[in-house]
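The values are calculated or read from the model by the stated rules, or taken from the named source; none is laboratory data. Computed from a prediction, not measured in an experiment: that's the story for all the values here. Note that we place each Cβ from the backbone using ideal geometry, even for glycine, and neighbour counts take in every protein chain shown.
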Amino acid sequence: MTGSAPEKPALKVLLCSPRGFCAGVVRAIESVERALALYGPPIYVRHEIVHNRYVVDELRAKGAIFVEELDEVPDTDAPVIFSAHGVARNVPQEAQRRNLLALDATCPLVTKVHREVEIHFKRGREIVLIGHARHPEVVGTMGQLAAGAVTLVETIADIDAFVPKDSSKLAYVTQTTLSVNDTAAMVEHLKARFPAIVGPHKEDICYATTNRQEVVTRVAPIVDAMIVVGAPNSSNSQRLKEVAERAGCARAALVQRAADIDWNVFDGVSCLGVTAGASAPEILVEEILDAFADRYILNVETVSAAKEGVFFPLPRALRETQAAE
């Protein structure tokens with residue numbers, strides 16, 4: 001007599017919404033795909049178009065060549081696309097000097113921060129940037145002006161150590177993918193030290209970062225564990241993991257895809273939260289849910305914090321070419 005397989009345990013899954021791709025990521029990926037369709041491979045992309053290995057590998061398979069700097073691009077008629085994170089001012093200048101066909105896929109919400117920095121500088125203000133050193137968005141924002149015009153602060157201690165040239169002529173901007181609560185504390189500290197400091201008319205942390213963190217804050221305290229689908233070099237994904245931990249979820253894991261799941265972390269869970277960073281495609285969320293379905297009987301429930309209808313059109317050069325067809 002053959003024994004029947006043991007019944008799989010039940011697992012309630014709280015699926016966070018919104019999650020995954022934001023409008024800026026969709027625009028960046030579609031820019032690469034549109035350029036490939038119009039010009040044919042290869043096309044060059046400076047830096048990962050978005051911080052997700054699956055997305056990058058898919059585009060590479062279609063003919064995109066990813067480089068870190070323009071000096072890796074040969075003299076070519078092929079387009080060169082700047083990633084969603086934005087670039088320093090000298091990058092498009094160098095592309096123009098070399099007569100490269102440059103297409104800018106910078107997220108419009110990052111471009112907004114670039115414009116703010118320029119305006120503050122023209123008005124004679126010294127600028128403080130709240131962000132993470134070496135993140136490409138921060139490098140691009142600081143690179144809008146000459147060295148020394150923007151001071152990066154990562155911690156409260158950095159703010160305490162900052163000595164401005166004139167405390168009555170200060171402004172601050174922020175990276176778009178930071179922790180909402182951490183950044184609010186940093187801004188509060190800046191304002192306490194420098195009451196005259198000027199901030200953005202509308203906060204720089206993007207709508208997608210805010211919405212994804214809000215729903216994680218709701219879900220994290222009521223689940224045994226939380227999975228954030230995303231890449232380790234994705235700032236907004238890392239922040240989601242931190243938000244989950246601070247909201248009371250002791251077992252929060254950043255996972256790129258199903259093969260990376262450490263099942264020991266999820267031993268004995270009966271309720272699991274699942275979200276995805278703004279550069280993680282939904283196919284990877286589905287892949288991870290399928291992996292859990294192999295081990296558990298899933299009861300999936302969606303928890304929503306906001307509805308997103310934001311759309312950003314493609315870069316003008318790609319729109320104009322499309323219209324001319």
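In table form, for the structure just shown:
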{"read-out": "Residue within the stretch 142-149 that is closer than 23 Å to Gly277 by Cβ, touching a residue at least 12 places away in the same chain (Cβ under 8 Å), of a type outside the set (Val, Ile, Thr) and surrounded by 18 or more Cβ atoms within 10 Å (Cβ to Cβ) present", "value": "no"}
{"read-out": "Positions within the stretch 219-235 being in contact with a strand residue (DSSP E or B) (Cβ under 7 Å, 6 or more places away or on another chain) and crowded, with 16+ Cβ neighbours inside 10 Å, in sequence order", "value": "Val219, Ala220, Val223, Asp224, Ala225, Met226, Ile227, Val228, Val229, Gly230"}
{"read-out": "Sole exception among (1) surrounded by 17 or more Cβ atoms within 10 Å (Cβ to Cβ); (2) assigned by TED's automatic domain parsing to the domain that holds Ala28; (3) of a type in the set (Lys, Arg) for Arg319, by number", "value": "(1)"}
{"read-out": "Residue list for the stretch 284-316, restricted to those being more than 27 Å from Val219 (Cα to Cα) and exposed (fewer than 12 other Cβ atoms within 10 Å of the Cβ)", "value": "Pro313, Arg316"}
{"read-out": "Condition check for Ile49: in contact with a Phe, Trp or Tyr (Cβ under 8 Å, 6 or more places away or on another chain), in a strand (DSSP E or B) and either of a type in the set (A, V, I, L, M) or assigned by TED's automatic domain parsing to the domain that holds Val269 (or both)", "value": "no"}
{"read-out": "Search result, residues across the stretch 66-83 that are part of a helix (DSSP H, G or I) and crowded, with 17+ Cβ neighbours inside 10 Å", "value": "Leu70"}
{"read-out": "Asp57 vs. criteria loosely packed, with under 15 Cβ neighbours inside 10 Å, under 30 Å from Val274 (Cα atoms) and outside the structural domain of Asn236 (by TED's automatic domain parsing)", "value": "yes"}
{"read-out": "Every pair of residues 6+ apart whose Cβ atoms lie under 9 Å, when the first sits in the stretch 295-311 and is part of a loop (DSSP other than H, G, I, E, B) while the second is among the aromatic types (Phe, Trp, Tyr)", "value": "Arg295/Trp263; Arg295/Phe266; Ala306/Tyr207; Glu308/Tyr207; Val310/Tyr207"}
{"read-out": "Boolean, Glu33 is at negative phi, not in a loop (DSSP other than H, G, I, E, B) and not assigned by TED's automatic domain parsing to the domain that holds Cys271", "value": "yes"}
{"read-out": "Single condition Lys169 does not satisfy, out of (1) closer than 24 Å to Arg134 by Cβ; (2) out of contact with any helix residue (DSSP H, G or I) (no Cβ under 8 Å at 6 or more places or on another chain); (3) assigned by TED's automatic domain parsing to the domain that holds Arg134", "value": "(1)"}
{"read-out": "Among residues of the stretch 32-86, those that are within 17 Å of the chain's Cα centre (by Cα) and more than 20 Å from Arg319 (Cα to Cα), counted", "value": "11"}
{"read-out": "Identity of the residue in the stretch 115-139, in contact with a helix residue (DSSP H, G or I) (Cβ under 8 Å, 6 or more places away or on another chain) and closer than 15 Å to Ser235 by Cα, that ends up surrounded by the fewest Cβ atoms within 10 Å (Cβ to Cβ)", "value": "His132"}
{"read-out": "Residue within the stretch 2-19 that is surrounded by 12 or more Cβ atoms within 10 Å (Cβ to Cβ), in a helix (DSSP H, G or I) and of a type in the set (Ser, Thr, Tyr) present", "value": "no"}
{"read-out": "Within the stretch 271-283, considering residues that are crowded, with 24+ Cβ neighbours inside 10 Å and in contact with a Gly (Cβ under 9 Å, 6 or more places away or on another chain), the one nearest to Ile29 (Cα to Cα)", "value": "Ser279"}
{"read-out": "Flag for Ile261 being surrounded by fewer than 21 Cβ atoms within 10 Å (Cβ to Cβ), over 22 Å from Ala23 (Cα atoms), outside the structural domain of Ser31 (by TED's automatic domain parsing) and in contact with a helix residue (DSSP H, G or I) (Cβ under 7 Å, 6 or more places away or on another chain)", "value": "yes"}
{"read-out": "Residue ranges of helices (runs of 4 or more DSSP H) in the stretch 91-166 with at least 3 members farther than 20 Å from Ile81 by Cβ", "value": "108-122, 156-161"}
